[in-house]
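Take a look at the structure set out below.
The values are calculated or read from the model by the stated rules, or taken from the named source; none is laboratory data. No experiment lies behind these values; they were computed from the predicted model shown. Methodologically, a virtual Cβ is constructed for each residue, glycine included, from the backbone with ideal geometry; neighbour enumeration extends over all protein chains shown.
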Amino acid sequence: MKILANDGISASGKQKLEAAGFEVVTETVDQDDLENIINEENYSALLVRSATKVRQPLIDACPNLKLIGRGGVGMDNIDVAYARSIGREVINTPAASSQSVAELVMAHLFSISRSVYDSNRNMPANGATEFKTLKKKYAKGVELRGKTIGIIGFGRIGQSTATYALGCGMKVVAYDPFLDQATLTLDVAGQQINTTVETTTLDDLLNQSDYISMHVPMPEDGRALLGADEFNKMKDGIRIVNAARGGVIDEDALLDACRSGKVAACALDVFVGEPSPREDVLTVSNMALTPHIGAATVEAQDRIGIELADKIIAYFGNQS
Ligand code: NAD
């Protein structure tokens, strides 16, 4: 049985599948050639990350494609409901990357608190001649300990981020209309500490927070959760991280708030219009930027590969 891992799969996941008798091909086939190659090579499963699109016409054109697997969480690149409605198996790996995204959020929180991202831009060009000027420019850093972080969307990644933030001595408030509270377990030096976070209203979170981190799926109506009205309710000098989806914050409102100083600094891992984000979003001086790498750690890719392999073996059975 043949599997096409069109956006790649970890070596550990590939080995597990091969040990169970599957043939795994990791070459990337162009989107336009997928239909022909899947049929010619008689692939039974197609594994993707976010790059390859699996839309209804492709699903219809490949009747022998029994399983579609997404390495990661968001399945907006797959017509999931349609595929399932005609009996195709669709799987993903929702939990495998939560910790990696949470750690990237922490990296950004530290970075935007001390202007590390901007210092890294300016030191190579001007550090040798304008050291004292730059030292003064970055002298007004702030600490995380004692500050309040508002987490919008308190699912897997939101809760994982909360454990790191609590570990740094931050106060956590959360907004999630589908959840009243969550009990988090912090593992500190071998001791497990349980703490319960009760969710609050969005307005209360916007009022209280020194930092906000976004961890919601893109709303189905396509409307941003944070727009001009919400920015007006935030503290002056708020710091924001978005590692969820580009559209969950209105980028025009965010740009205005960054330029006016309402937002002291913002970090974006996700953008509207990926892979071609707006240039004006990329060139605001108080914006820290990463190119959608939240889940891109060696450990997460390993967990994703293994979880995909386990689910594929469970579905098709061992082939060896
Ligand atoms: P999850 O489903 O575990 O959690 C999402 C939470 O958001 C749920 O608890 C849900 O109740 C809540 N929610 C839904 N609508 C809401 C709303 N309007 N307001 C507030 N809360 C709302 O998902 P997750 O695994 O934690 O993923 C969260 C986000 O992170 C998703 O957008 C996902 O696509 C994104 N993500 C990004 C990366 C990256 O590389 N940056 C990687 C993985 C996931």
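Evaluate the following for Val101: is it within 11 Å of the ligand (Cβ to nearest atom) and in a helix (DSSP H, G or I)? Walk me through how you get there before you give the answer.
Values: within 11 Å of the ligand (Cβ to nearest atom): yes; in a helix (DSSP H, G or I): yes.
When the stated conditions are applied, Val101 passes them.
Would you point out which residue out of Asp250, Asp269, Asp280 is assigned by TED's automatic domain parsing to the domain that holds Gln159 and more than 19 Å from the chain's Cα centre (by Cα)? Quick ask: steps written out before the conclusion?
Values: Asp250 fails: more than 19 Å from the chain's Cα centre (by Cα); Asp269 fails: more than 19 Å from the chain's Cα centre (by Cα).
The match here is Asp280.
Answer yes or no: is there a residue in the stretch 252-275 that is over 21 Å from Ile152 (Cβ atoms) and within 15 Å of the ligand (Cβ to nearest atom). Talk me through it step by step, then tell me what you get.
Restricting attention to the stretch 252-275, the residues satisfying the condition of being over 21 Å from Ile152 (Cβ atoms) are 259-261, 273, 275.
From the residues that got through so far, the ones that are within 15 Å of the ligand (Cβ to nearest atom) too are 275.
Checked the stretch 252-275: at least one residue is over 21 Å from Ile152 (Cβ atoms) and within 15 Å of the ligand (Cβ to nearest atom).
In the stretch 61-70, is there at least one residue being within 19 Å of the chain's Cα centre (by Cα), within 18 Å of Leu308 (Cα to Cα) and of a type outside the set (S, T, N, Q)?
There is at least one residue in the stretch 61-70 that is within 19 Å of the chain's Cα centre (by Cα), within 18 Å of Leu308 (Cα to Cα) and of a type outside the set (S, T, N, Q).
Identify, please: which residue in the stretch 172-188 is over 21 Å from the mean Cα position of the chain (by Cα) and closer than 25 Å to Ala295 by Cα and is, among those, farthest from the ligand (Cβ to nearest atom)?
So, considering only residues that are over 21 Å from the mean Cα position of the chain (by Cα) and closer than 25 Å to Ala295 by Cα, the one farthest from the ligand (Cβ to nearest atom) is Val188.
In the stretch 113-153, what residues are farther than 14 Å from Asn286 by Cβ and either outside the structural domain of Leu205 (by TED's automatic domain parsing) or of a type in the set (Val, Ile, Thr) (or both)?
Thr129, Thr133, Thr148, Ile149, Ile151, Ile152 - these are the residues of the stretch 113-153 that are farther than 14 Å from Asn286 by Cβ and either outside the structural domain of Leu205 (by TED's automatic domain parsing) or of a type in the set (Val, Ile, Thr) (or both).
Residue by residue, here is whether (1) surrounded by 20 or more Cβ atoms within 10 Å (Cβ to Cβ); (2) over 22 Å from Met287 (Cβ atoms) holds:
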{"residue": "Thr161", "(1), (2)": "yes, no"}
{"residue": "Leu184", "(1), (2)": "no, yes"}
{"residue": "Gly190", "(1), (2)": "no, yes"}
{"residue": "Ile193", "(1), (2)": "no, yes"}
{"residue": "Asp204", "(1), (2)": "no, yes"}
{"residue": "Ser213", "(1), (2)": "yes, no"}
{"residue": "Gly247", "(1), (2)": "no, no"}
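Taking interchain pairs and intrachain pairs at least six residues apart, which have beta carbon atoms under 7 angstrom, with the first residue in the stretch 74-93 and in a helix (DSSP H, G or I) and the second modelled with pLDDT of 95 or more?
Cβ pairs passing all conditions: Val80/Val90; Tyr82/Gln56; Tyr82/Ile59; Ala83/Ile59; Ala83/Ile68; Ala83/Val90; Arg84/Val90.
Just wondering, is there one or more residues in the stretch 134-146 that are β-branched (Val, Ile, Thr), within 16 Å of the ligand (Cβ to nearest atom), within 22 Å of Thr290 (Cα to Cα) and in contact (Cβ under 8 Å) with a residue 24 or more places away in the chain? First the steps, then the outcome.
First, the residues of the stretch 134-146 that are β-branched (Val, Ile, Thr): 142.
Applying the additional criterion that residues be within 16 Å of the ligand (Cβ to nearest atom) yields none.
Checking the stretch 134-146: not a single residue is β-branched (Val, Ile, Thr), within 16 Å of the ligand (Cβ to nearest atom), within 22 Å of Thr290 (Cα to Cα) and in contact (Cβ under 8 Å) with a residue 24 or more places away in the chain.
From (1) of a type outside the set (A, V, I, L, M, F, W, C); (2) more than 19 Å from Pro217 (Cα to Cα); (3) away from the ligand (no atom under 12 Å from the Cβ), pick out the condition that doesn't hold for Gln301.
Evaluating Gln301 over (1) of a type outside the set (A, V, I, L, M, F, W, C); (2) more than 19 Å from Pro217 (Cα to Cα); (3) away from the ligand (no atom under 12 Å from the Cβ) leaves (3) as the failure.
Within the stretch 213-225, does at least one residue satisfy the condition of being more than 10 Å from the ligand (Cβ to nearest atom), under 22 Å from the mean Cα position of the chain (by Cα) and touching a residue at least 60 places away in the same chain (Cβ under 8 Å)?
yes
Given Ser160, Ser111, which one is under 14 Å from Val241 (Cα atoms) and within 16 Å of the ligand (Cβ to nearest atom)?
Values: Ser160 fails: under 14 Å from Val241 (Cα atoms).
Only one candidate qualifies: Ser111.
Quick one: which of Ala300, Ala309 is under 15 Å from the mean Cα position of the chain (by Cα) and part of a helix (DSSP H, G or I)?
Values: Ala309 fails: under 15 Å from the mean Cα position of the chain (by Cα).
Answer to the selection: Ala300.
Is it the case that the stretch 122-132 has a residue that's surrounded by fewer than 20 Cβ atoms within 10 Å (Cβ to Cβ) and within 24 Å of Ile304 (Cα to Cα)?
First, pick out the residues of the stretch 122-132 that are surrounded by fewer than 20 Cβ atoms within 10 Å (Cβ to Cβ): 122-132.
Checking the rest, the ones that are also within 24 Å of Ile304 (Cα to Cα) come to none.
The answer is no, given that none of the residues of the stretch 122-132 is surrounded by fewer than 20 Cβ atoms within 10 Å (Cβ to Cβ) and within 24 Å of Ile304 (Cα to Cα).
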